[in-house]
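Heads up, the thing below is written out as structure tokens.
The values are calculated or read from the model by the stated rules, or taken from the named source; none is laboratory data. Note that the structure is predicted; figures quoted are calculated from it, not measured. Cβ sites come from the backbone with ideal geometry, for glycine too, and all protein chains shown count toward neighbours. Quick note on the areas: whole protein, heavy atoms, side chains included, nothing else; ligands and nucleic acids left out. Shrake-Rupley method; radii C 1.70, N 1.55, O 1.52, S 1.80 Å.
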Amino acid sequence: MRNVKVAVAFTLLALAGCTSTTTGNAPLGESSTTVTTTGSSAAPTTLSSPGETQPTAPPPQTSAAPLQGGPTEVSANQVDGSTLPDHYKRQAWTSADGRTVQVVGLAGGCKSASAEVTAESADQVSITLVTTYYAPPTGVMCTQELRDVPLNVTLDAPLGSRRIVLEARDDSA
């Protein structure tokens, strides 16, 4: 039976252009395969028997709405991302009125992204990029790819010449 499941998974991969990972968490003598479509934001699925699929959590990450009035990039010397891990972008954009700031978070697999304004003062704005990990259902593995996700935050007052300080935090759901 295991060979039939593996054969079905490989057939699906060949036909759909997918990637797969066999998990070792299935009961003895059984196997489950996580299939994720490449180039898509679809959540991983588990093939528990030929032709049967079950979606997993979390739902795919959605991007932020476009900035009103077109985005204006904040100058690099106004953005401090020195405490961010290397895989984060150190960029920001503002809306026409300067009150909405767009930053770039990371999401993928069982991780979603969000951003929050953690402090505002007369000379700087602190924005925390939050990556939240969702544990997969039993027997399912998450892919480890990360993708950039634009995130919007709203300030109390227009950004103006204030400096943006970007920080990162990992959470669990």
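Per residue, the average separation of C-alpha pairs within less than 8 Å and at least 6 apart gives segment 85-173 a relative contact order of 36 percent. Simple rule: put +1 on each Lys or Arg Cβ and -1 on each Asp or Glu Cβ in segment 111-168, find the dipole, and look at Leu151, Gln124, Gly139; the Cα lying farthest toward the positive end is Gly139. At a probe radius of 1.4 angstrom, the accessible area of segment 57-167 per residue rounds to 50 square angstrom. Computed over protein heavy atoms with a 1.4 Å probe, the carbon and sulfur contribution to the accessible area of segment 84-172 reaches 48%. Once the C-beta distance of Thr154 and Thr83 is scaled by a Förster radius of 25 Å, the resulting FRET efficiency is 0.65 to the nearest 0.05.
Spin-label pair Arg147-Ala173: with each label point 7 Å from Cα along the Cα-Cβ axis, the two points sit 1.7 nm from one another.
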